[in-house]
Amino acid sequence: MNKEKFYITTPIYYINDIPHIGHAYTTIAADVLARYYKKLGREVFFMTGTDEHGAKIAEAAEKAGKSPKEFVDGLVPKFKTAWEKLNIEYDEFFRTTNKEHEKIVQEIVQKLKEKGYLEKREYEGLYCVACEKFYMPDELIKGKLCPDHKREVIKYKEENYFFLLSKLSEKLIDKIKTGELKIGPETRKNEILSKINSGLDDVSISRAAVDWGIPFPGDPEQTVYVWVDALLNYYTATKIYKNGPSWPADLHLLAKDILWFHAIVWPAMLIALDIKPPKMVFAHGFFTVDGQKMSKSIGNVLDPIPLVDKYGADAVRYALLREFPFGQDGDISEEKIAQRHTSDLANGLGNLLNRTLSMINRYELKVKDESMKLVVDGAKDHQKEIHSFIENLNFSEALFDIWTFYIKPSNELIDKEKPWELIKNDMGKTTAVLQYCYSNLISIQEIIYPFMPETAEKMKKQLETKKPEPLFPRIEEKQ
Ligand code: MSP
């Protein structure tokens with residue numbers, strides 16, 4: 001039987017430094033969806049990776065006193081380790097220095113040229129190396145600083161190849177309007193449509209001044225612009241990996257910072273090549289850390305690894321996705337993760353599992369291994385709702401529902417009925433109370449799996465053997 005495919009990607013992150021919690025956020029969300037659809041029986045291909053060419057990487061390598069290749073090779077394991085620690089189950093880790101990728105990129109750029117979508121022009125512009133992007137003078141602070149990185153832009157004057165993006169506006173609008181290319185959330189889609197409507201400029205897609213890149217086909221003096229090289233990863237992967245993903249991708253996940261590239265430049269390139277656009281591009285929000293933009297100079301860049309070591313992968317996964325709606329901006333901090341760990345996880349879920357199993361054991365109660373049946377009216381609908389929240393990338397709502405409709409009522413029932421007193425004269429009712437909690441725990445175990453795979457695994461074992469062990473040990477006890 002042919003399984004329905006699901007090809008999901010994260011951005012390929014710039015490898016000028018170690019991964020931070022912002023990269024982890026998108027990657028965790030992609031992992032949740034990948035696990036969710038895999039459980040539903042779909043043939044999932046989940047890809048993440050690193051963006052390894054361009055001026056930004058060359059600059060970082062130089063600072064480190066290494067060749068670019070040596071430098072990126074040294075950083076790849078840092079990304080892989082972070083993803084392993086966070087239990088990210090990706091299928092391939094894509095690197096743009098992959099030789100096959102480089103070759104396919106050249107072939108594709110050549111095709112764009114043959115199809116009449118490239119033009120060589122003299123170009124003068126203001127470039128931010130950290131963004132790998134040109135700015136208009138009026139977008140800059142004091143006419144010279146990048147609005148994002150507050151660093152001085154560089155004046156580039158060179159002959160470049162331009163991709164004739166302006167020719168593709170109408171086709172692009174058509175793909176978006178017919179839903180062939182979906183953009184989420186809705187507000188972002190409207191922003192993109194109005195950007196296209198206000199007119200698109202052609203984009204320079206080669207660099208004469210940057211050596212660290214893929215040689216431009218037919219013009220060895222130039223390299224392919226890093227964004228063209230990077231965006232193409234999603235497609236070249238379908239040619240590189242045997243039994244790999246097939247095009248079009250079902251979902252590109254990213255944040256709003258790079259939506260323009262993903263919702264305009266990328267689909268336009270594909271349209272020019274007569275290739276289908278991705279089915280969906282979804283841009284989540286940006287988060288601040290302790291109320292401030294994450295930045296090296298402020299010193300508030302959160303490294304996911306020590307957080308995982310302290311609170312566990314599942315607590316980090318849970319806290320990030322629970323804290324604020326996925327499509328919106330929000331704030332995160334270690335304190336918020338610690339709070340979620342204590343209140344929702346240790347005192348909520350962990351306590352429920354622990355006391356339910358302890359009492360079943362202590363009072364030698366017979367409980368049936370069944371989910372749902374004894375659960376209050378309407379519980380099935382909550383389950384449906386949770387599934388639809390996940391499918392619509394509304395992770396915080398899904399988690400809210402699991403806690404509100406499954407975990408909280410069970411803990412409240414135990415507090416109210418006090419089985420430790422009830423057992424003295426009503427064995428039947430004690431059993432009923434704990435059966436309710438036990439059945440609920442079976443459902444919870446299934447439904448939290450994509451979010452918290454390690455916890456789900458532990459719960460499964462404990463529910464089978466009925467031997468309780470703390471799921472989320474208090475942080476003090478650990479140290
Ligand atoms: N290399 C490009 C992407 C090329 S994809 C063809 C790039 N890399 S990046 O390292 O800067 O990663 C940007 C992405 O990291 C964002 O789109 C988002 O997925 C994630 N995030 C980085 N910081 C973040 C926050 N503070 N908040 C949320 N997501 C964050 O752009």
(request) Just report the Cα centroid separation between region 415-434 and region 78-119, whole Å. (result) 60 Å
(request) Please give the helix 186-197 orientation as an angle from the longest Cα principal axis of the chain, in degrees from 0 to 90, rounded to the nearest 10. (result) 10 degrees
(message) For a quick check of your reading of the filter: which GluC sites (Glu not before Pro) in region 86-145 sit in a DSSP loop and have no more than 16 other Cβ atoms within 10 Å?
(response) 89
(request) Can you figure out the FRET efficiency of residue 166 with residue 366, using R₀ = 60 Å and their beta-carbon distance, to the nearest 0.05? (result) 0.25
(request) Sort out for me the Cα centre separation of region 123-170 from region 236-297, rounded to whole Å. (result) 21 Å
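Sort 386-392, 237-243, 356-362 by packing, meaning the average of other beta carbons within 10 Å per residue, with the highest value first.
Output ranking for 386-392, 237-243, 356-362: 356-362, 386-392, 237-243.
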(message) I'd like the Karplus ³J(HN,Hα) series for region 295-307: coefficients 6.51, -1.76, 1.60, θ = phi - 60°, whole numbers in Hz, and an x wherever there's a Gly or Pro.
(response) 7, 4, 5, 6, x, 10, 6, 8, 8, x, 5, x, 5
(request) Mind putting a number on the dipole of region 333-478 about its Cα centre? Charges go on the C-beta only, +1 for Lys and Arg and -1 for Asp and Glu, and I need it in Debye to the nearest 20. (result) 560 debye
(request) Mind checking which of 205, 135, 32 is farthest towards the positive end of the chain's charge dipole, using Cβ charges of +1 (Lys, Arg) and -1 (Asp, Glu) about the Cα centre? (result) 32
(request) With +1 on each Lys and Arg Cβ and -1 on each Asp and Glu Cβ, and nothing else charged, work out how big the dipole of region 69-222 is about its Cα centre, in Debye to the nearest 20. (result) 340 debye
(request) Please work out the average accessible area per residue across region 5-285, using the 1.4 Å probe convention, and give it in Å². (result) 42 Å²
(message) For a test of the definition: using alpha carbon positions, the gyration tensor, and the 1.5 limit on a/c, classify the chain as rounded, prolate or oblate.
(response) prolate
(request) Report, by chain and number, residues whose modeled amide H sits under 5 Å from the one on residue 330, excluding near sequence neighbours (fewer than 5 apart, same chain). (result) 286, 287, 288
(request) Quickly estimate the mean residue ellipticity at 222 nm for the chain, helices only: each DSSP H run with n ≥ 4 gives -39500 (n - 2.57), and the total goes over all residues, rounded to 500. (result) -13500 deg cm²/dmol
(request) Please determine, in degrees from 0 to 90 and to the nearest 10, the orientation of helix 453-465 with respect to the longest principal axis defined by the Cα atoms of the chain, where the helix direction is its Cα long axis. (result) 20 degrees
(request) Enumerate the calculated ³J(HN,Hα) couplings along region 436-451 in order (Karplus 6.51 cos²θ - 1.76 cosθ + 1.60, θ = phi - 60°), each rounded to whole Hz, writing x wherever the residue is Gly or Pro. (result) 4, 5, 5, 5, 4, 4, 5, 5, 4, 4, 5, 7, 8, 3, x, 7
(request) Towards the positive end of the charge dipole of region 5-285, with charges on Cβ (+1 Lys, Arg; -1 Asp, Glu), say which of 20, 269, 64 has the farthest Cα. (result) 20
(request) Pull up all non-local amide H partners of residue 159: gap of 5 or more, or a different chain, and H-to-H distance under 5 Å with H placed in the peptide plane. (result) 123
(request) Putting +1 on Lys and Arg Cβ atoms and -1 on Asp and Glu Cβ atoms, find which of 367, 348, 423 reaches farthest to the positive end of the dipole of region 333-478. (result) 423
(request) Please list, or write none, the aspartates and glutamates whose alpha carbon is within less than 17 Å of the alpha carbon of residue 69, excluding same-chain residues fewer than 8 places away. (result) 17, 51, 52, 59, 100, 102, 211, 229
(message) Please list 3J(HN,Hα) in residue order for region 131-146, calculated via the Karplus relation 6.51 cos²θ - 1.76 cosθ + 1.60 where θ = phi - 60°; whole Hz, with x for glycine and proline.
(response) 8, 6, 7, 7, 10, 8, x, 6, 8, 8, 7, 6, x, 9, 9, 4
(request) Might you report the magnitude of the Cβ-based charge dipole of region 5-285 about its Cα centre, with Lys and Arg at +1 and Asp and Glu at -1, to the nearest 20 debye? (result) 760 debye
(request) Report, in degrees rounded to the nearest 10, the 0 to 90 angle that the Cα long axis of helix 68-85 makes with the longest principal axis of the chain. (result) 20 degrees
(request) Starting from the amide H of residue 280, placed 1.01 Å from N in the peptide plane, find each other amide H under 5 Å away whose residue is 5 or more places distant or on another chain. (result) 182, 251, 252
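Antiparallel versus total DSSP beta bridges in the chain: what percent is that, nearest 5?
For the chain, the DSSP antiparallel bridge percentage is about 50.
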(request) Distance between Cα centroids, region 29-47 to region 171-213: provide it in whole Å. (result) 27 Å
(request) Just list whichever of 310/368; 142/276; 111/279; 66/195; 66/182; 3/336 have alpha carbons separated by over 30 Å in the model shown. (result) 310/368; 142/276; 66/195; 66/182; 3/336
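The values are calculated or read from the model by the stated rules, or taken from the named source; none is laboratory data. As the structure is a prediction and not an experimental result, all values here were calculated from the model. Positions of Cβ are backbone-derived with ideal geometry, glycine not excepted, and every protein chain shown enters the neighbour counts. Just the protein is used for accessible areas: all its heavy atoms, side chains included, with ligands, DNA and RNA removed. Shrake-Rupley method; radii C 1.70, N 1.55, O 1.52, S 1.80 Å.
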